[in-house]
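Input: a single structure, listed below in C-alpha cells.
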Amino acid sequence: MDRLITLEPSNVVVIRVEQGQKCSGKLTLRNVMYTMPVAFRLQPVNKLRYTVRPQSGIIYPLTTVTLEIIYDLPPNSTLPESYPYCGDPFFLHSVVVPGAGMKSSFSDSVPNDWFTTKKKQVFVDSGMKIMFVGSMVISKLITNGSIDEIRDVLEKSDPSWKAVDSVDSDGQTLLHLAIAQHRADLVQVLLEFEPDIMARAQSGSTPLEAAIASGEGLIVELLLAHRASTERVDPSPCGPIHLAAESGHIDILKLLLSKGANVDEVTKDGNTALHLAVEGRRRDCARLLLTNGAQTDICNGNGHETPLHIASAFGDENMVKLLLQKGANKNIINRFKKTAYDVANEHGHTRLFSVLRLGDTLHTAATKGDVKTVNKLLENGVVVNGLDQNGWTVLHRASFMGRVDVVRVLIKNGVDIDARDEDGYTALHCAVESGNVDVLELLVKRGADVEARTNKGFTAMEIAESLNYAGFSRVLTGGSKSGGKLGFEMSPMKKSTQARAIRGSFDRSGSPLTVI
C-alpha cells in the first residue's frame, strides 16, 4: 500500500481568487483503510501565503474530512504570481493510529511526533496541486488567448459560481473580451459553457452588438446560432441591424436579414436601418435593405425626415436615384415643411434638381411651349438630356408638340439632337410623326440624322410617306418648307391614331411626366 488517504475528487485544489474577498478552496481527504483510523497533517511549504483548516486530525475508516485551503492574496494585487496553475508545494503526512479510537476528530494539535517516529510507517504525499480561478484570473486568460487553460478553469470551477459569466474590472464579460481579441475560437469555447448571451458590458452593449460593431462576421454567426436576439433591446439606442447598416458590414447585414431581423425596426430616436445606411453613404447596404422590403418613406424622429431628405442634404446623387427607383415619394415634407428638392436646393446641390423636381418642370414647360420657364430652368442647372419614364428627352416632347422656340433653346443648350427613346425614335421622327414641319426643318438645319432608323427600321422619310405628308421629302432632303404644315392636315386625334399604327405602341404625348 502506497497511501492511506486519497484526495477527492482529484489532487487539484481549486482556489477562487477575488479582490477584497476571502480566497479559499476545499480539499476532501478519504481514509481508505477498512478498519483503522488514520491521522493526517497537511502542511504548505509557504506558510505565510497559505493557511490550512484543520491542519491535522484523525479520520474514521472509510470516511472523509473536508479541509479549507486559504490563500492570502498579496497586497495591491488582483492576481497570484502564477495562474491558473501554481507550483507551491504541500506535504500530506498520514499514519495509521490503532489506539486513537474509532471516532474521527480534528485538531491542529495532533502531536508532530506521530508523523516522525521511526516506529511508525508514515506516508508522505506531495502530489497535491493548486489551481487558481476567479473573475480576474479567467479574464486575464481570455486576454492572453489561452484556450486549454480557459477550458480547464471553466470545467473545474465550482458550479455554484458560473465562471463563464465573469466580468473583469472594467465590466467586460468574457464574451466581450474574446470579441475584442477578434477570436472566434475563444467565443466558441465560451459558448460551450452556456453564458448569458445577452449580458451587457458596462458600456451597455450586448456581445452581438459588440461583434457587429467590430465587423466580426464569424462571431456574429456563432452568436446567432446560439439564439442571440436580432431585436433592439433597451437600453441600447440601436439594434443589430442598425449597427450593421451604419457601419457598412454588408455580409453581417445579409446574415441578420436571413435570421429574420426586422428591416424597418427603428432606433431609440426613430431611425430605420435605411436612414442610417443613407446617412453613412452605404449604398450597398441601402440597396440590400430595399431589396428586402425596407420602406422608403418612413420619417425618423429627428426632424421627421425620410431617407430621401437625408440623401438630398448630402448631395448623394446615386443614393437619391436608388431611392427614387425603389419608389421613394419626393413630395413628402419634413418638420420644416421642406421636400427633398427643397433640402437639396438649400444645400446648393444643383445636380439633384433634375432628379428631384426640375426635370418634371422642364418637360411640362416644354410641352406648354413656355420658353421663359425653360430658359430659367436650364440656367438653374436642370439636366437638358434627362429622360421621362417613357425614355423621352425634353427634345422629343417639344418636337412632338411642335414647340419650335423651345426646340431652338434646347439645341442652344447642348441637347442631344439624335437621342433615341425606347422604340429608337429621335426627335426628328417625333416631329414627322406629329406633322410639325417647322420643328422638322430646324432639326435638319442643326444636323439631325435624317437616316436614323427606329427599332423597327423606319426612317423619318418613311414615316412621312406612310402618313401621306406631301412635301416633307423636300425638308428631309435639304429643300425648304412650303410653309406651316406640309401636306393635308389631320386632327390631333387622327394623327395619334395613325402614329400608333406605325409605331406599334401607344401615343405618349400626354403621359405623366417623371424624369429618371
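Mind checking which aspartates and glutamates have their C-alpha under 19 Å from K330, skipping anything on the same chain fewer than 8 residues away?
By straight Cα distance, K330 reaches E279, D297, E305, D316, E317, D342, E346, D360, D388.
Could you order the peptides 147-159, 125-137 from most to least packed, using the average number of other C-beta atoms within 10 Å per residue?
125-137, 147-159
For segment 405-479 and segment 121-151, what is the centre-to-centre distance using only Cα atoms, to the nearest Å?
Using only Cα atoms to place each centre, the spacing works out to 90 Å.
Once Rh is set to the Kirkwood radius over Cα pairs, what Stokes-Einstein translational diffusion coefficient, in µm²/s, holds for segment 134-229 at a temperature of 37 °C and a viscosity of 0.692 mPa s?
So the translational diffusion coefficient is about 253 µm²/s.
According to the square roots a ≥ b ≥ c of the eigenvalues of the Cα gyration tensor, what is the shape class of segment 201-268, taking rounded for a/c under 1.5, prolate for a/b larger than b/c otherwise, and oblate for the remainder?
rounded
For an R0 of 60 angstrom, estimate the FRET efficiency from the Cβ-Cβ distance between R335 and R474 and round to the nearest 0.05.
0.45
Across bins of 10 angstrom width beginning at 0, how are the C-alpha pair distances of segment 319-358 distributed, in whole percent?
Final binned percentages: 31, 60, 9.
Suppose R0 equals 60 Å. What FRET efficiency, 1/(1 + (r/R0)^6) with r the Cβ-Cβ distance, do A199 and N380 give to the nearest 0.05?
Efficiency, rounded to the nearest 0.05: 0.60.
If packing is taken as the average number of other Cβ atoms within 10 Å across a peptide's residues, how do 208-219, 460-471, 272-283 rank, most packed first?
So the order, starting with the most tightly packed, is 272-283, 208-219, 460-471.
Rounded to the nearest 5, what is the percent of antiparallel bridges among the DSSP beta bridges in the chain?
Approximately 90 percent, going by the DSSP bridge assignments.
Along Cα→Cβ, 7 Å out, is where each label goes; now give me the distance between the ones at D269 and M36 in nm to one decimal.
Here the answer is 8.0 nm between the modelled labels.
When a/c is below 1.5 the answer is rounded, else prolate if a/b is larger than b/c, else oblate, so apply that to segment 5-133 with a ≥ b ≥ c taken from the square roots of the Cα gyration tensor eigenvalues.
Prolate is the answer for segment 5-133, as a/c is 1.5 or above and a/b outweighs b/c.
Between Rg and the Kirkwood Rh of segment 371-444, both from Cα atoms, what is the Rg to Rh ratio?
On the Cα set of segment 371-444, Rg over Rh gives 0.94.
So how far apart, in nm, are the two label points at D165 and N112 if each is 7 Å from Cα heading toward Cβ?
Modelled inter-label distance: 4.8 nm.
Indicate the gyration tensor shape class of the chain (rounded, prolate or oblate), computed on the Cα atoms with a ≥ b ≥ c the square roots of the eigenvalues: a/c under 1.5 is rounded; otherwise a/b larger than b/c is prolate and the rest oblate.
Taking the square roots of the gyration eigenvalues as a ≥ b ≥ c, the chain is prolate.
Could I have the simple spin-label model distance between T373 and K47, label points 7 Å from Cα toward Cβ, reported in nm to one decimal?
10.5
Kindly state, as a whole number, the per residue volume in cubic angstrom of the convex hull around the alpha carbon atoms of segment 261-411.
103
So between T364 and Q181, what do we pick up on full extension, going 0.36 nm a residue minus the alpha carbon distance?
Difference between extended and current length: 59.8 nm.
Below 8 Å, C-alpha to C-alpha, sequence gap of six or more: please give me the relative contact order for the chain in percent.
7
In nm, what is the difference between 0.36 nm times the number of residues separating S466 and K412 and their Cα-Cα distance?
The span from S466 to K412 would gain 16.3 nm if fully extended.
Would you work out the relative contact order for segment 208-306, in percent, from Cα pairs under 8 angstrom that are 6 or more residues apart?
For segment 208-306, the relative contact order is 24 percent.
For E155 and R453, calculate 0.36 nm times their separation in residues minus their Cα-Cα distance, and state this gained length in nm to one decimal.
Extra length available between E155 and R453 comes to 99.2 nm.
What is the Cα centroid distance between segment 42-94 and segment 190-208, reported in whole angstrom?
34
Of K268/K321; K259/K321; K26/K129; K22/K156, which pairs sit farther than 23 Å apart, going by alpha carbon to alpha carbon?
With Cα atoms farther than 23 Å apart: K268/K321; K259/K321.
As an exercise, use a Förster radius of 60 Å and the Cβ-Cβ distance of T6 and K254 to find the FRET efficiency, rounded to the nearest 0.05.
For T6 and K254, the calculated efficiency is 0.60.
Rule-based calculations on the coordinates, nothing more; no lab input. Not measured: the values here are computed from a predicted model. Cβ atoms come from the backbone with ideal geometry, glycine included; neighbour counts cover every protein chain shown.
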